[in-house]
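J.: Below is a structure I'd like to ask you about.
Quick note: the coordinates plus some simple rules give every number you see, no bench work behind them. Bear in mind the structure is a predicted one, so any value in this text is a computation, not a measurement. Here the Cβ is made from the backbone with ideal geometry for all residues, glycine too, and neighbour counts use every protein chain on show.
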Amino acid sequence: MALKDKVALGTLLPHRAAEPISMDIVRTVAQRAEALGFKDIWVTENTVDHAYSFDPMVVLTYAAAVTTTIRLGVAVVVLPTHSPLHVALQTASLDYVSGGRAILGVGLGRDQEYHDFQVPVERRVRRFREAIELMKALWTQEVVDYSGEIYHVQDAKMALKPVQKPHPPLWLGGGHPNALKRAVRHGNGWMGGGAQSNESFGKCVALLKEELEKAGRDPVTFAISKRVVTMVDEDPQMARSQVNRWFTEVYRNPDLTNTAGVYGTPEQVREKLEQLHEMGATHLVLNSASDYVTQVEALAEVASR
């Protein structure tokens with residue numbers, strides 16, 4: 001059975017790199033990913049960053065305009081550093097202009113991001129939970145009255161509603177056990193990050209399945225995903241060097257090459273992705289380390305094996 005028939009496969013839209021990214025490449029990857037049968041295209045949020053990074057909603061709106069069917073996801077928006085009213089409208093707008101193709105991933109992010117945005121780190125979990133509740137209310141109710149410990153709105157109206165009902169899928173990130181519990185409680189799916197080791201991913205999946213069972217939720221309807229930094233090349237050393245370069249320049253942690261990267265010949269890459277599926281992944285986002293246009297074609301070939 002082909003890999004794509006076992007696990008849903010998305011790909012990363014070029015949006016963050018050590019060097020500027022051509023919009024011709026962004027458009028080509030979006031359109032080829034759609035034509036080649038990838039389920040979705042994804043971006044991350046990195047507002048204040050040493051690497052070149054697009055705003056996620058802006059570049060996904062561009063991708064929506066040059067495609068017709070492929071789904072459009074961001075993982076993750078660091079939700080407590082934003083106004084939930086703003087994120088709710090951005091997501092509803094993306095869903096509307098794309099004809100119902102948006103997926104919103106949210107997470108807590110890193111402490112430095114709170115300092116950059118001058119948002120208190122304290123009570124960020126409470127801020128996060130209330131933001132999710134408020135966004136869901138804005139997406140589904142005509143008039144919203146919400147009174148939390150952090151957020152308070154009265155007679156709030158957001159006339160623009162998402163196309164997807166009751167709202168676009170909400171995926172959560174984070175590897176802490178409490179983050180996994182929040183994903184099950186509030187979300188439609190969970191995604192492991194590109195820096196997460198494959199071993200850690202397997203442990204998270206086991207905890208997620210326990211929480212899904214406790215909550216009485218059908219695991220078939222809950223996406224379990226991981227973003228995977230990949231490189232396909234007939235020369236395995238060349239593939240490894242590109243993944244190592246990506247982790248060195250973008251994540252500034254070359255040690256992740258061995259613990260989180262997936263690289264090698266088409267056969268080797270397929271085998272490693274198959275292992276992640278066997279660990280419990282129902283969805284994978286393939287993050288090409290370089291040569292984006294060539295790699296989307298190569299990864300589609302791997303998916304067909």
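J.: Among ALA30, TYR292, VAL87, whose Cα sits farthest toward the positive end of the charge dipole of the chain (+1 at Cβ of Lys/Arg, -1 at Cβ of Asp/Glu, about the Cα centre)?
T.: VAL87
J.: Mind listing which trypsin sites (Lys or Arg not before Pro) in the range 99-133 are in a DSSP loop and have 16 or fewer other Cβ atoms within 10 Å?
T.: Sparse-neighbourhood loop trypsin sites (Lys or Arg not before Pro): ARG110, ARG123.
J.: Moving to a separate point now. So who's got an amide H within less than 5 Å of the one on GLY192, skipping anything under 5 residues away but keeping other chains? H placed 1.01 Å off N, in plane.
T.: For GLY192, whose amide H was placed from the backbone, the distant partners under 5 Å are SER225, LYS226, ARG227.
J.: 5 Å is the cut-off here: which amide hydrogens, built 1.01 Å from N in the peptide plane, fall below it relative to ASN287, excluding neighbours closer than 5 in sequence?
T.: Here LEU12, VAL228, VAL229, THR230 satisfy the definition.
J.: Just to check I understand the Karplus step: with θ = phi - 60° and J = 6.51 cos²θ - 1.76 cosθ + 1.60, what whole-Hz values come out for the range 184-198, glycine and proline as x?
T.: 5, 6, 10, x, 9, x, 9, 10, x, x, x, 8, 6, 5, 5
J.: Mind checking which lysines have their Cα closer than 21 Å to the Cα of LYS165? Skip sequence neighbours fewer than 8 apart in that chain.
T.: Answer for LYS165, where 21 Å is the Cα cut-off: LYS39, LYS136, LYS157, listed by chain and number.
J.: Obtain the nm distance between the two label points defined at ARG245 and THR68 by a simple spin-label model: each point lies 7 Å from its Cα along the Cα-to-C-beta direction.
T.: Placing both labels 7 Å beyond Cα along the Cβ direction yields 3.6 nm.
J.: Rounded to the nearest 0.05, what FRET efficiency is calculated for ASP24 and GLU213 with R0 set to 41 Å and r the Cβ-Cβ distance?
T.: Using R0 = 41 Å, I get an efficiency of 0.30.
J.: Can you compute 3J(HN,Hα) from phi for each residue in the range 220-225, using the Karplus curve 6.51 cos²θ - 1.76 cosθ + 1.60 with θ = phi - 60°, rounded to whole Hz and x for Gly and Pro?
T.: The phi angles translate into 5, 9, 10, 6, 10, 10 Hz.
J.: When DSSP beta bridges are limited to those with both residues in the chain, what percentage is antiparallel, rounded to the nearest 5?
T.: Taking every DSSP beta bridge with both residues in the chain, the antiparallel ones total about 15 percent.
J.: Sticking with this structure for a sec: Relative contact order for the chain using alpha-carbon pairs under 8 Å, separation at least 6, rounded to a whole percent?
T.: 20 percent
J.: Taking the Cα centre of the range 199-275 as origin, sum charge times position over the Cβ atoms of Lys and Arg (+1) and Asp and Glu (-1), and report the length of that vector in debye to the nearest 20.
T.: So the dipole magnitude of the range 199-275 works out to roughly 300 debye.
J.: Shifting gears a bit: Tell me, in nm to one decimal, what length is gained between VAL119 and TYR146 on full extension, where the rule is 0.36 nm per residue of separation less the Cα-Cα distance?
T.: Gain on stretching VAL119 to TYR146: 7.6 nm.
J.: Got a sec? How would LEU89, LEU256 order by Cβ neighbour count within 10 Å, fewest to most?
T.: LEU89, LEU256
J.: Residue by residue, what Karplus-based ³J(HN,Hα) values in Hz, rounded to whole numbers, does the range 110-116 have, using 6.51, -1.76 and 1.60 with θ = phi - 60° and x for Gly and Pro?
T.: Coupling constants for the range 110-116: 10, 4, 4, 5, 5, 5, 4 Hz.
J.: Sort GLU45, GLU133 so the one with the fewest other Cβ atoms within 10 Å of its own Cβ comes first.
T.: GLU133, GLU45
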